[in-house]
1. Going by accessible area, probe 1.4 Å, with all protein chains left in place, what is the ranking of A:LYS262, B:LYS128, B:LYS57, largest first?
2. Considering the alpha-carbon set of segment A:30-127 alone, what are its Rg and its Dmax in angstrom?
3. Amide H to amide H under 5 Å from A:GLY58: which residues, 5+ apart in sequence or cross-chain, H placed 1.01 Å off N in plane?
4. Net charge near A:GLU339, counting Lys/Arg +1 and Asp/Glu -1 over other residues with Cβ under 12 Å of its Cβ?
5. Amide H to amide H, which residues 5 or more places from A:ALA199 or on other chains are under 5 Å from it, using H placed in the peptide plane?
6. List, in order, the whole-Hz ³J(HN,Hα) value for each residue of segment B:123-129 obtained from phi through the Karplus relation with A = 6.51, B = -1.76, C = 1.60 and θ = phi - 60°; use x for Gly and Pro.
7. Share of chain A's accessible area from carbon and sulfur, percent, 1.4 Å?
8. So, in nm, how far is label B:LYS90 from label A:LYS291 when the simple model puts each one 7 Å beyond its Cα toward the Cβ?
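The values are calculated or read from the model by the stated rules, or taken from the named source; none is laboratory data. This is a predicted model, so every value here is computed, not measured. Because the Cβ atoms are built from the backbone with ideal geometry, glycine has one as well, and the counts that use them run over all protein chains shown. These accessible areas exclude ligands, DNA and RNA; they are computed on the full protein's heavy atoms, side chains included. Shrake-Rupley method; radii C 1.70, N 1.55, O 1.52, S 1.80 Å.
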Amino acid sequence: MSTYQAATIVAAPNEFRVPFPPFVQISKVQFQREAGSRLLAASGWDGTCRVYEVGKLGDISEKLVFTHGKPLLTCTFAGYNKVAFGGVDHNVKLADIETGNGTQLGSHALAVRCMEFNPMSSLIVSGGWDSSVKLWDARSYGNGAIESVNVSSSVYAMDVLKHTILVGTKDRKIFMYDSRKLREPLQVRDSPLKYQTRAVQFFPTGEAFVVSSIEGRVAVEYVDQSGEEMMKRKYAFKCHREKDTDGTELIHPVHTVAFHPKYGTFATGGADGIVNIWDPFNRKRIIQLHKFETSISSLSFNEDGSQLAIATSYQYEKEIDPSPLPNNSITIRHITDPESRPK
Amino acid sequence: MAEEPYVFTLKKRNNDDAEDDWDRYSENVRPTRRGRKIDALKRNVEEVVTEETARLKLDQLLEELQNLECSEESEELQKILDFCSWFEEKLAIGFHKVYYELLWKIISRHGFLEKYKEDERMLKIWEKMADNSAGHAHDIYQFAISRKSLVKCAALYARWSQSVELAGAYVEARRVLILARTNCAVPIQIVNDAEDALEMREMRRHLQERDSDDDEEEEETRKAFTNLPVIGDNHTVPIVRLPSMCSDTTKKAMKFDTGNVERVNPVCKDNQMQPFEVLSYTDADDVEYLRNVHELHAHIERYAIKETTNPSITGSSTSEAAAVTIYPVSSSEFEVWTVEGSGPTKAKARMAIKRVFKDLSFEEYAASLLPNHPSMVRATAKKLDFDETL
């Protein structure tokens, strides 16, 4: 007589660490958005830009390391085989992933703070603390910036969607440009939040964008401001707040925002080490991930939205620095459909 | 034949409207809380009612009542109530001061309060005085109880508690109902119903307050003066006079003779302290204050209800509020009494970051740490590149 043995179900881990030095402050992580791509770029304050290949079941390997020499503040993929990065030494550099060769595209007058890529016209868009936004051609070298425009103050946040550029400045203004005619902005408006802007992100549909600030608030703004209906649809909500032992509410900055490429939901990361995924259409929070060791400095979804790169890095925001300093890490978490689809 | 030209004359025109149609026009009818008599709605163009007319009418009524026979004493209060109805119909708007003065003249008559202290019709007199006392309803009802007028009438306490609750002093409203039970007011069902209704409204207020917390802004917003929130349960909201209420410009001071008033003992005689202070004859200054409430500055006024803690009362809500200092704020136009003190405040919110980040971003601050940035120090120690200069 045969005996059937009950099957044992073991939960598979959905979270994997990326091999990154724990003492290096991380400035940005970004997945490549080419179809079928599995590359992840990470820039750090040690002046290196690392490119990883992320597999399905936690198979993460370091593919290439570019050494810049000075701290990097931003990086972005420029096409299927190139990565661009910039930092406090004002230079904008472009490196080939396959050959490992690097070249300098140009420079800003001050540090390069933000950088994004427009795949439709192969343009790299960079914003710096010199209050300028510059366009660079990723296919031809040595020609300098294609075009440049000045905004009202230092660039603190930027996003690019197709031909539209969204810039958040130090004086809490939001600029919107068309990269094909950069001279005049499409729109200039004040930030709906009262404190410093930390991140701006377009909805994948392009009809709205999200603004986050250091005051633990996120605002949803619509691109088209005409009509009363659009003004009523915009809103802001509080997040990344926690109660202290004496009942005081601690407000943490929302460092980063990342949109799911398919469903239009977005994830926020704050200085409290929490990652939330929000449904902006029903104004609900879908899930809240576990508390990470230190501040969330950058988030990025991959091209199909199944993986979320979470960079945790201490930003020296506390009044008294903890001793020892917390370890910095990059985590790849699998995001399932119920965790990211609007209800 | 040419038409005769129109010539303006002062002759009365032949209108289609009949004289009885005056009440068809709703703008001519001024509603009161207890309604109006139909006779008052008829137009009497000959009658012109002024303040002096009202004073003269009351004097005539009081003189007439003095000459009444003993068998007609029961009609005295009814005639006074008829005068009140007449006053409210003729001088409904803008004569609160005159009305209050005339009511004080009525109750200050010798033996009036003692004669009708059990008559429930006195409740109307006290209600009218409280409504026209420029926000001193609580003191008026206390004065009534101290004179032993309607001590055991439960309707008085219900009305008293309601007026105190409208002023925002919810704890005091509960104490009024506790006093009603202490004084064995009847019927007790009125007290029970009033207490249940009070608690129900209190719960509804708390629910609304809790729901509105989610939408609260972090920073303060400017509010109209009349919408200022109260601080605790021991203070009334600001009372702002409407322009129509300040139209009375009589300068005459109110003086009454109180020499014939007898002294009475406190309400309870069982050697038991009162749950709160009850006005008595020994507080002559308070009586004068009540008489001349309309002589105070009429723009904005606010006061604190006297706080008394008596643990001997079972079930009474004793609140240990902090000592509150009330002082006038000097202003060129009007005098505002404000409250200074640390009351129960909400939990504050603070940002868990350094203050320097109000101006600098996190990257700018970290860049200012260079070349002593921890990442750079460790990276330099690892690389040991002697050819590169930092």
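1. Sorted descending by solvent-accessible area, the residues read A:LYS262, B:LYS57, B:LYS128.
2. Here Rg and the maximum Cα pair distance are 12.8, 44 Å.
3. Sorted by chain and number, the residues that satisfy this come to none at all.
4. Local net charge: +2.
5. A:SER212
6. 4, 5, 4, 5, 5, 5, 5
7. 49
8. If labels sit at B:LYS90 and A:LYS291, their model points lie 7.7 nm apart.
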